[in-house]
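Okay, so here's the structure we're looking at.
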Amino acid sequence: MTFRNDGKLPPTAKIPYGGDYNPEQWPDEVWDEDHRLFTVAGIDTLTVGVFSWSLTQPAEDTYDFTILDRILDRAAAEGRQVCLATGTAALPPWLAKKYPEANRTDFEGRRHRYGQRHNFCPSSPAYRRLATALADRLAERYAHHPALLAWHINNEYGGVCYCELCADAFRTWLRNKYATLDALNDAWCTTFWSHRYTGWAEIEPPSALTEHWRGPDHTAFQGTTLDYSRFTTDALLGCFLAEKEAIRRHDPETPVTTNLMGMFRPLDYHRWAPHLDFASWDNYPPLDAPPTRAALAHDLMRGLKNGAPFWLMEQTPSTTACRDVNPLKRPGELRLTTFQAIAHGADAALYFQMRASRGACEKYHGAVIGHAGRDDTRVFREVADLGRELELLENVTLGARTPARTALVYDWDSWWALEISDGPSRLVRYVDVVHAYYRAAREAGADVDVVPQTADLTGYDVVLAPALHMIKGDLAARLEAVAARGGTVLSTFLSGRVDEHDRAFLTDVPGPLADLMGIRVDEWDSRPAEFVQPVHLGESVCEARLVFEIVLPRGAEPVATYGADFYAGTPAVTRHPYGEGEGWYVATALDQPGVDQVVRRVLARHDLLGPYADHPTVETAHRAAPDGTRLLFLLNHAPEPARLDAHTTATDLLTGKRTEEGEPLTLDPLGVAVLRLH
């Protein structure tokens, strides 16, 4: 049985399992051994052709698909399916030499020569023409190939170019956005520092040679830099769309994606979301990050397509290679992180890479098959064991949604605007603030949808909007509506400060959120990272750092107060009745225990605390399948067993064991249970 959901994912009978495969690097006898090992490990899906441009097009007027023909034919013969990449992420040497304008110009104004990857200018006509032509040829040739499961355009889009082609394209983008120079001058506040433009040609990209100093985050005109970030997002999206259009000329059905990178600051993925048939992403969390950091990225990717499942396109089976220090995944960690992705909405589990490269910068990157080609390594055994478990799940999770009643607003514009702002503090990091509130909700057992500012909020009881620096459109009115009908909205310091052009609101802080929050903020204090301000929260004292807004209640009641300095005793956290609901405001960067207390009070009001909220190492996530099946994932992130009392009757799909309500339920160290709820 196959199932295609409304997220336009590829139709599959089970969770696709496999990953990036580069057989063009190896002789035929290695291919034979690879496929034998794939069968042993339960590998059924291969991502191929990601960096094959120099092989498939060795010269401008020459295409050679011999190797790709063999790769796809062999996959079909072995009963495997292929996610076929267009191979356009890295220029072939001949293209960079013949069309030097296709090479990027960096932030310091240097035109690069050939090398590395992601080395193309998105505004280069030569790059656009040749990349689109290659995608067209590939689609014409392979649209009806029996192994084809999905199209994979480019790879991990990213990077910024500051060349004259991009400068001209930026000016065109600005004309389309603002129509008149008067409108642009008003949006960018160009009367400041004699910047008023009288001709479009006078506008330059914001770089180290123009508006910036001390790096990309230090800019004299935030509005200009903000728009260049938006332009770059759209320029790279234009490259994607050109290739997708070429594919669609020959293949109107097969789903098309590109692998995103989770919380990747340079590109606003919400602007990409409508154009992806399904979202997919590469999971390489920061070193020593708590489990909720990856969970946040999973939920962000799921939110791109209105809650539809996504693909985990890449993860390492063991270790990365690109960092200064590259820790190894411990026994059981691969299984745990893979099931975490599935728990949060992944309908595929793929690796980078299937076989370790022999040379170049990824030869020490983890792989399912190492240089010796063995099937008795710990990593290979874990991959194979996991493959067998995914077979047990069959199609039960495919298309399953997350029934969340809590939303977290995630906004790239707020991210950009906050971190390029001069003041109050460059030490505030958007993702750190957002993650603190997400972590608190998740560890309290709440399912969370991560949504854009434009999302429909009518289905949520709780909306978390931390560090919502920029307020756009009718968001404030929609947040008020959540509270008016009985919900709770929580926001934090540095929210409601600027409009879509990064201009300060000419009203009391927090701007359009002031009525909902019932407060006024006239002043704010910023201190070094080592400075700690005590905050009295109920019976406890927590710590606050970085920014301390001085709150004047206008209908709100204090929930917590500052403990020192001239503003000691003034509110640090407030609660404001609004309609049938509430608006909560946190005026400082509380430590995690403080955030936890506040968020749990909010969730408790709506009966959203999970049944295992007192087990901080046990992550829970629900999915509801199209046939009505309700699933609860339990993930133990501790190296010790987790002993629970079952909150309901359920059957573990991985073991077949049934547990009655109230009976003991034990998770092994780094253990997983996938419970079908009765």
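Just give me the residues in the stretch 64-85 being loosely packed, with under 14 Cβ neighbours inside 10 Å and either closer than 26 Å to R117 by Cβ or touching a helix residue (DSSP H, G or I) at 6+ places or on another chain (Cβ under 7 Å) (or both), in sequence order. Can you show your working first?
Within the stretch 64-85, the first condition is being loosely packed, with under 14 Cβ neighbours inside 10 Å, and the residues that meet it are 64, 66, 69, 73, 77, 79.
Scanning the stretch 64-85 gives D64, T66, D69.
Quick check on my filter: what residues within the stretch 236-257 are assigned to a loop (DSSP other than H, G, I, E, B) and more than 20 Å from E156 (Cβ to Cβ)?
R249, H250, D251, P252, E253, T254 - these are the residues of the stretch 236-257 that are assigned to a loop (DSSP other than H, G, I, E, B) and more than 20 Å from E156 (Cβ to Cβ).
Go through the stretch 25-37 and report how many residues are modelled with pLDDT under 95 and either under 34 Å from the mean Cα position of the chain (by Cα) or small (G, A, S) (or both).
Selection size over the stretch 25-37: 2.
Only one of these conditions is not met by D73: (1) acidic (D, E); (2) within 31 Å of the chain's Cα centre (by Cα); (3) part of a helix (DSSP H, G or I). Which number is it?
(2)
Name the single residue that is surrounded by the most Cβ atoms within 10 Å (Cβ to Cβ) among those in the stretch 554-571 being of a type in the set (D, E, K, R) and under 16 Å from E582 (Cα atoms). Walk me through how you get there before you give the answer.
In the first step, residues of the stretch 554-571 are kept if they are of a type in the set (D, E, K, R); the result is 554, 557, 565.
Still in the list and also under 16 Å from E582 (Cα atoms): 554, 557.
Working: R554: 14, E557: 11.
Ranking the candidates gives R554 first.
Please indicate, with yes or no, whether at least one residue in the stretch 323-332 is assigned to a loop (DSSP other than H, G, I, E, B), β-branched (V, I, T) and surrounded by fewer than 21 Cβ atoms within 10 Å (Cβ to Cβ).
Yes, because at least one residue in the stretch 323-332 is assigned to a loop (DSSP other than H, G, I, E, B), β-branched (V, I, T) and surrounded by fewer than 21 Cβ atoms within 10 Å (Cβ to Cβ).
In the same structural domain as A444 (by TED's automatic domain parsing), among the basic types (K, R), out of contact with any helix residue (DSSP H, G or I) (no Cβ under 8 Å at 6 or more places or on another chain) and not in a loop (DSSP other than H, G, I, E, B), is that true of R575?
Yes: the conditions hold for R575.
Only one of these is surrounded by fewer than 23 Cβ atoms within 10 Å (Cβ to Cβ) and of a type outside the set (V, I, T): E543, E619. Name it.
E543
Take V521 and tell me if it is assigned by TED's automatic domain parsing to the domain that holds V431, among the hydrophobic types (A, V, I, L, M, F, W, C), within 28 Å of L226 (Cα to Cα) and within 33 Å of the chain's Cα centre (by Cα).
yes
Please note which strands (runs of 3 or more DSSP E) are completely contained in the stretch 613-678 and include at least 2 residues that are outside the structural domain of G445 (by TED's automatic domain parsing), closer than 21 Å to H344 by Cα and at pLDDT 95 or above.
Of the strands (runs of 3 or more DSSP E) lying wholly inside the stretch 613-678, those with at least 2 residues that are outside the structural domain of G445 (by TED's automatic domain parsing), closer than 21 Å to H344 by Cα and at pLDDT 95 or above span 618-624, 630-636, 650-652, 672-677.
Among (1) in contact (Cβ under 8 Å) with a residue 60 or more places away in the chain; (2) part of a loop (DSSP other than H, G, I, E, B), there is one condition V450 misses while meeting the rest; what is its number?
For V450, the failing item is (2).
Can you name every residue in the stretch 275-305 that is over 21 Å from W416 (Cα atoms) and either basic (K, R) or not assigned by TED's automatic domain parsing to the domain that holds G238 (or both)?
Within the stretch 275-305, R302, K305 meet the criteria.
Pick out the one residue from R485, R478, R503 that is more than 24 Å from the chain's Cα centre (by Cα), surrounded by fewer than 19 Cβ atoms within 10 Å (Cβ to Cβ) and within 14 Å of D411 (Cβ to Cβ).
Criteria check complete, one pass: R478.
Residues to consider are V368, V396; find the one that is at negative phi, among the β-branched types (V, I, T) and touching a Phe, Trp or Tyr at 6+ places or on another chain (Cβ under 7 Å).
On inspection, the qualifying residue turns out to be V368.
Looking at G215 and the list (1) of a type in the set (G, A, S); (2) assigned by TED's automatic domain parsing to the domain that holds F231; (3) within 30 Å of A96 (Cβ to Cβ), which single condition is not satisfied?
It is condition (2) that G215 fails.
Considering each residue of the stretch 403-436, count those that are over 25 Å from A504 (Cα atoms) and surrounded by 20 or more Cβ atoms within 10 Å (Cβ to Cβ), and give that number.
Taking the stretch 403-436 and keeping what is over 25 Å from A504 (Cα atoms), we get 403-407, 435-436.
Those still in the list that are surrounded by 20 or more Cβ atoms within 10 Å (Cβ to Cβ) too: 404, 406-407, 435-436.
Total satisfying the criteria: 5.
Name the one entry in P403, P424 that is assigned to a loop (DSSP other than H, G, I, E, B), at pLDDT 95 or above and closer than 30 Å to H212 by Cβ.
On the way: P403 fails: closer than 30 Å to H212 by Cβ.
Going through P403, P424 in turn, just one is assigned to a loop (DSSP other than H, G, I, E, B), at pLDDT 95 or above and closer than 30 Å to H212 by Cβ: P424.
Answer yes if at least one residue in the stretch 562-571 is under 33 Å from the mean Cα position of the chain (by Cα) and of a type outside the set (V, I, T), and no otherwise.
Checked the stretch 562-571: no residue is under 33 Å from the mean Cα position of the chain (by Cα) and of a type outside the set (V, I, T).
Limited to the stretch 96-132, what total is found for residues that are over 30 Å from the mean Cα position of the chain (by Cα), within 15 Å of W53 (Cβ to Cβ) and assigned to a helix (DSSP H, G or I)?
The number of residues fulfilling the criteria is 4.
Here is a yes/no grid of residues against (1) in a loop (DSSP other than H, G, I, E, B); (2) assigned by TED's automatic domain parsing to the domain that holds D375; (3) surrounded by fewer than 19 Cβ atoms within 10 Å (Cβ to Cβ); (4) charged (D, E, K, R):
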{"residue": "A273", "(1), (2), (3), (4)": "no, yes, yes, no"}
{"residue": "A308", "(1), (2), (3), (4)": "yes, yes, no, no"}
{"residue": "F339", "(1), (2), (3), (4)": "no, yes, no, no"}
{"residue": "D347", "(1), (2), (3), (4)": "no, yes, no, yes"}
{"residue": "R358", "(1), (2), (3), (4)": "yes, yes, yes, yes"}
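The rows are residues; the columns are (1) in the same structural domain as P309 (by TED's automatic domain parsing); (2) modelled with pLDDT of 95 or more; (3) within 30 Å of T651 (Cα to Cα).
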residue: G387; (1), (2), (3): yes, yes, yes
residue: L398; (1), (2), (3): no, yes, yes
residue: D413; (1), (2), (3): no, yes, no
residue: V448; (1), (2), (3): no, yes, yes
residue: D461; (1), (2), (3): no, yes, yes
residue: L464; (1), (2), (3): no, yes, no
residue: K472; (1), (2), (3): no, yes, no
residue: T488; (1), (2), (3): no, yes, no
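Assess whether N176 counts as being part of a helix (DSSP H, G or I), surrounded by 15 or more Cβ atoms within 10 Å (Cβ to Cβ) and free of Cβ contacts under 8 Å to residues at least 24 places away in the same chain.
In short, no.
Which numbered condition trips up V551, out of (1) crowded, with 19+ Cβ neighbours inside 10 Å; (2) within 28 Å of A613 (Cα to Cα); (3) without any contact (Cβ under 8 Å) to a residue 40 or more places away in the chain?
(2)
Across the stretch 6-57, what is the number of residues that are free of Cβ contacts under 8 Å to residues at least 12 places away in the same chain, under 23 Å from M301 (Cβ atoms) and assigned by TED's automatic domain parsing to the domain that holds T257?
0
The values are calculated or read from the model by the stated rules, or taken from the named source; none is laboratory data. The structure presented is a predicted model; accordingly, all values stated were derived computationally and were not measured. Neighbour counts are summed over all protein chains in view; Cβ atoms, including those assigned to glycine, are modelled from backbone coordinates with ideal geometry.
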